[in-house]
1. Collect the residues in region 82-99 that are open to solvent by 50 Å² or more (accessible area, probe 1.4 Å), in contact with a Phe, Trp or Tyr (Cβ under 8 Å, 6 or more places away or on another chain) and either assigned to a loop (DSSP other than H, G, I, E, B) or not aromatic (Phe, Trp, Tyr) (or both), keeping them in residue-number order.
2. Would you check which residues across region 56-81 are within 11 Å of the ligand (Cβ to nearest atom) and in a loop (DSSP other than H, G, I, E, B) and list them?
3. Since Asp53 meets every condition but one in (1) under 20 Å from Ile108 (Cα atoms); (2) of a type in the set (D, E, K, R); (3) within 16 Å of the ligand (Cβ to nearest atom), which condition does it not meet?
4. Filter region 100-116 down to the residues that are part of a strand (DSSP E or B) and not β-branched (Val, Ile, Thr) and list them by number.
5. Pull out all pairs, ordered by first then second residue, where Cβ-Cβ is under 7 Å, the residues are six or more apart or on different chains, the first lies in region 66-92 and is within 25 Å of Thr45 (Cα to Cα), and the second is hydroxyl-bearing (Ser, Thr, Tyr) and open to solvent by 90 Å² or more (accessible area, probe 1.4 Å).
Amino acid sequence: MHELGIVFYIIRDVKEVARKNHVSHVSTVVMNIGEVSTIVPEYLTDCWRWAADKEEVLKGCALKINTIPAVTFCEDCRQEYETVRYGKTCPHCHSEHTYLIRGNEVEIKEIEVSDP
Ligand SMILES: [Zn+2]
């Protein structure tokens, strides 16, 4: 359960942004979470609710999750394909010389504030 660690990391970052921009309350945080990032969105939002409500600046703040589909690139035929569906083997040429190009992200995409 490393979601709690991620939540603390997000909270630290968001508080930092809020402080720098003189924001007193953040209403929504939007995250980009890759399909193969190992983060379970339900755990993340549960941990978020518990931890964010302890912070004045984040009380009641929503966490929205944007899922980024995983895409793998094949070095042999130079085509892209869906990682979750085909894994490490290219469906076009059956090569295993492939690598993930997208789908591992855990990042803050947007922070919405409720200040007037
Ligand atoms: Zn291929």
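The values are calculated or read from the model by the stated rules, or taken from the named source; none is laboratory data. Everything numeric here is computed off the predicted structure, so don't read it as measured data. Cβ atoms come from the backbone with ideal geometry, glycine included; neighbour counts cover every protein chain shown. Please note that ligands, DNA and RNA were not included when accessible areas were found on the heavy atoms of the full protein model with its side chains. Shrake-Rupley method; radii C 1.70, N 1.55, O 1.52, S 1.80 Å.
1. His92
2. Glu75, Asp76, Cys77, Arg78, Gln79
3. Answer for Asp53: the failing condition is (3).
4. Residues satisfying the conditions are Leu100, Arg102, Glu107, Lys109, Glu110, Glu112.
5. Hits for this filter: zero, empty list.
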